[in-house]
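The values are calculated or read from the model by the stated rules, or taken from the named source; none is laboratory data. As the structure is a prediction and not an experimental result, all values here were calculated from the model. Here Cβ is always computed from backbone atoms with ideal geometry, including for glycine, and neighbour counts include all displayed protein chains. Only protein heavy atoms, including side chains, enter the accessible area calculation; ligands, DNA and RNA are left aside. Shrake-Rupley method; radii C 1.70, N 1.55, O 1.52, S 1.80 Å.
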Amino acid sequence: MTELQTLLRGATQTLAAAGVDSPEHDARALAVHVLGLARPSELLLVDALDGAARTAFDELVARRAERVPLQHLTGSVGFRYIELEVGPGVFVPRPETESVVQWAVDAARAEGWSAPVLVDLCTGSGTIAFALANEVPGAVVHGVERDPDALAWTRRNAGLRVAAGDPEVQLHLGSAEDALAELDGRVDLVASNPPYVATTEAHLPDPEVVDHDPGIALWAGADGLDVIRLVEQAGRRLLKPGGLLVVEHSDRQGESCPALFKAAGWAQVADHRDLAGRDRFTTARWRG
């Protein structure tokens with residue numbers, strides 16, 4: 001066993017003891033970050049860390065053991081086919097949202113839209129908006145965020161995505177209930193990963209979420225649906241007749257979220273599970 005392998009094993013044990021969900025993955029990710037490698041497989045070519053790298057690695061492992069999000073330590077997160085910069089002040093994208101984007105991409109293809117207008121409400125770091133711009137050819141994508149601190153990260157990512165060759169996403173500071181009035185009745189698809197944690201559920205999210213994600217991106221009233229209600233109302237205003245909406249919700253809202261859309265008169269309301277088999281998002285078509 002090499003010195004690096006021994007170091008990684010010790011770091012994995014430290015993180016596991018601290019309650020980190022993926023201790024081995026995170027230990028390797030921190031080593032990749034410290035060494036400036038392109039991918040984890042390149043760790044096989046490294047036998048040991050020099051003094052400075054070892055110190056930096058030990059410090060990052062200690063902070064991760066304190067449940068500082070891995071993405072805050074590395075400064076970025078991979079999401080589908082893109083990389084986004086994240087840190088304090090913006091919600092860290094989760095893998096569950098990839099299922100939301102996949103549905104939206106598949107829907108855009110199935111509808112045969114040639115130049116669809118797509119809107120991401122509560123865009124945060126730009127997760128859904130930039131993924132849609134990357135994957136839906138010809139789309140005109142708008143991202144809306146109400147928190148100026150989060151929007152600063154979105155704008156930062158916008159520059160990186162354009163530099164990577166993706167189409168430009170139009171970004172807006174605003175709230176779901178009144179954003180983009182100029183697009184009323186002209187949008188093909190609205191997507192959103194809004195705040196959806198109930199204020200009565202503060203004990204449920206991991207420390208990485210409660211202690212480090214901004215509260216404005218988490219809390220949504222006593223039932224967790226306050227912002228989803230705003231997204232539903234915005235969808236009615238923004239969408240063309242027959243337009244589509246997809247909204248992420250918690251795994252405890254698989255009945256309450258679609259019920260909200262059915263009560264508001266939407267058609268083809270359905271709920272969907274994520275890759276882990278948990279209730280995760282609702283889709284609907286606006287009757288117009």
*Answer yes or no: is there a residue in segment 79-100 that is among the aliphatic types (A, V, I, L, M) and open to solvent by 50 Å² or more (accessible area, probe 1.4 Å).*
no
_Can you pull out every residue in segment 17-65 that is more than 22 Å from Gly87 (Cβ to Cβ), touching an Asp or Glu at 6+ places or on another chain (Cβ under 8 Å) and small (Gly, Ala, Ser)?_
Ala48
*Would you tally the residues in segment 79-131 being among the β-branched types (Val, Ile, Thr) and farther than 19 Å from Asp274 by Cα?*
6
*Which of the residues that make up segment 243-264 are open to solvent by less than 30 Å² (accessible area, probe 1.4 Å) and either closer than 19 Å to Asp188 by Cα or hydroxyl-bearing (Ser, Thr, Tyr) (or both)?*
Gly243, Leu244, Leu245, Val246, Val247, Glu248, Ser250, Phe261
*asked:* Just the residues that are at pLDDT 95 or above and over 20 Å from Thr127 (Cα atoms), please, taken from segment 161-210.
replied: Ala181, Glu182, Leu183, Asp184, Gly185, Arg186
*Output the residues belonging to segment 83-97 that are under 20 Å from Ala284 (Cβ atoms) and in contact with a helix residue (DSSP H, G or I) (Cβ under 9 Å, 6 or more places away or on another chain).*
Thr97
*Residue list for segment 94-117, filter: touching a residue at least 40 places away in the same chain (Cβ under 8 Å), assigned to a loop (DSSP other than H, G, I, E, B) and not charged (D, E, K, R)*: Pro95, Trp113, Pro116
_Total residues in segment 174-192, condition open to solvent by less than 30 Å² (accessible area, probe 1.4 Å) and not small (Gly, Ala, Ser)_ = 6
*When the residues of segment 118-163 are filtered to those that are surrounded by fewer than 24 Cβ atoms within 10 Å (Cβ to Cβ) and among the acidic types (Asp, Glu), which remaining residue is nearest to Val246 (Cα to Cα)?*
Glu135
*Conditions: (1) more than 16 Å from Gly89 (Cβ to Cβ); (2) aliphatic (A, V, I, L, M); (3) open to solvent by 40 Å² or more (accessible area, probe 1.4 Å); (4) assigned to a helix (DSSP H, G or I). Ile216 meets all but one. Number of the miss?*
(1)
*Mind checking whether some residue in segment 247-262 is in a strand (DSSP E or B) and closer than 20 Å to Pro116 by Cα?*
yes
*Between a first residue in segment 233-246 that is among the basic types (Lys, Arg) and a second residue that is at pLDDT below 95, which pairs have beta carbons less than 8 Å apart while being 6 or more apart in sequence or on different chains?*
Lys240/Gly288
*If you check Leu204, Leu171, which single one turns out to be part of a loop (DSSP other than H, G, I, E, B), surrounded by fewer than 21 Cβ atoms within 10 Å (Cβ to Cβ) and aliphatic (A, V, I, L, M)?*
Leu204
*Cβ-Cβ below 6 Å, separation at least six or inter-chain, first residue in segment 256-279 and under 20 Å from Ala234 (Cβ atoms), second at pLDDT 95 or above and surrounded by fewer than 15 Cβ atoms within 10 Å (Cβ to Cβ): which pairs?*
Val269/Lys262
